[in-house]
Amino acid sequence: MAGKPKLHYFNGRGRMECIRWLLAAAGVEFEEKFIEQPEDLDKLKNDGSLMFQQVPMVEIDGIKLVQTRAILNYVATKYNLYGKDMKERALIDMYSEGVADLGEMILLLPLCPPDQKDAKIAQIKQSTTNRYLPAFEKVLKSHGQDYLVGNKLSKADIHLVELLYLVEELDPSLLANFPLLKGLKARVSNLPAVKKFLQPGSQRKPPMDEKTLEEAKRIFRIK
C-alpha cells in the first residue's frame, strides 16, 4: 500500500494551499515536510527532486510532481473529482483557471508595495464583484444544480470555495449579492472531509501575516 502523499513547501499558504484543500476534500491524509531554511530548498534542487528548481512539490504514488496545476489535475483524476468525460473536464478546467486568475491577485497582495496596496485592493474588489463572482453565480443559476459541473463535486467547486474564503477574508461584504455562491460555500464546507479541514488544528494554513511573509522571503531568498 502506498504511503501518504508528502507535501514539500514552507509552512504557509502560498501555492500549496489549493493542493492541501483538494487532498483534504478528497479525504486523503497527507504529510508535510516543511522547507524551513534556504538550505532545505537547495537540497531538494541538488538531489534532482525539483524538475524546474521550484516548489510546490508533492511525492505521491512513487513520483515527485511539481507545477501546481499538474499536481491538482493528478489528485483530481485519482480521486474522481475531474468530471465524467472530456466536456465536463474542459468546463472544470475553465472554471478552475478563472478561480486561479483571481486567486493569484489575492495571493500576490502581500508582496505589493505599501503605497500601492490600497489601489490593488480596490482593483481586486472590483474584479471580484464585477467579473469573477458574477460569472460563477451565472453558471449555478443556469442549471440550478448543487455543483458547477455535472451536479457532482469536482475540483472546480473545491477551488472556488477556497477562493470564496479568501474573498471573505479580504471583505465579507463582497459575497453579499451572490446567494448561489454562498449556498455552494455552505454546501461544500459541510461535507465531512472539508468540515474537518476547516476546524482549528487542521493542516489548513492561516492568512499570510508579516512574520510568515518575511519567513517566506528568507527561505526563497526574495529581496
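The values are calculated or read from the model by the stated rules, or taken from the named source; none is laboratory data. Predicted, not measured: the structure shown is a model, and the values here were computed from it. Ideal geometry is used to build each Cβ from the backbone, glycine not excepted, and the neighbour counts take in all protein chains shown. Each accessible area value is taken on the protein alone, full model and side chains, heavy atoms only, with ligands, DNA and RNA left out. Shrake-Rupley method; radii C 1.70, N 1.55, O 1.52, S 1.80 Å.
Checked against the criterion of being modelled with pLDDT under 95 and out of contact with any strand residue (DSSP E or B) (no Cβ under 6 Å at 6 or more places or on another chain), the candidates GLY183, GLY144, GLY150 yield just one match: GLY144. Checking each residue in the stretch 95-104 for being among the aliphatic types (A, V, I, L, M) and either touching a His at 6+ places or on another chain (Cβ under 7 Å) or open to solvent by 50 Å² or more (accessible area, probe 1.4 Å) (or both) picks out only VAL99. Scanning the stretch 59-93 for residues being polar (S, T, N, Q) and either over 18 Å from the mean Cα position of the chain (by Cα) or part of a strand (DSSP E or B) (or both) gives a total of 0. The single condition among (1) over 11 Å from LYS155 (Cβ atoms); (2) at pLDDT 95 or above that CYS112 does not satisfy is (2).
Every residue, every condition in (1) open to solvent by 30 Å² or more (accessible area, probe 1.4 Å); (2) under 30 Å from ARG218 (Cβ atoms); (3) not assigned by the TED database to the domain that holds LEU153, yes or no:
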| position | (1), (2), (3) |
| --- | --- |
| ASP40 | yes, yes, yes |
| LEU44 | no, yes, yes |
| PHE52 | yes, yes, yes |
| VAL55 | no, yes, yes |
| GLU59 | yes, yes, yes |
| VAL66 | no, yes, yes |
| ARG69 | yes, yes, yes |
| VAL75 | no, yes, yes |
| ASP93 | yes, no, no |
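One residue stands out among those in the stretch 14-37 that are more than 12 Å from the chain's Cα centre (by Cα) and farther than 14 Å from LYS205 by Cβ: the one that is surrounded by the fewest Cβ atoms within 10 Å (Cβ to Cβ), which is GLU29.
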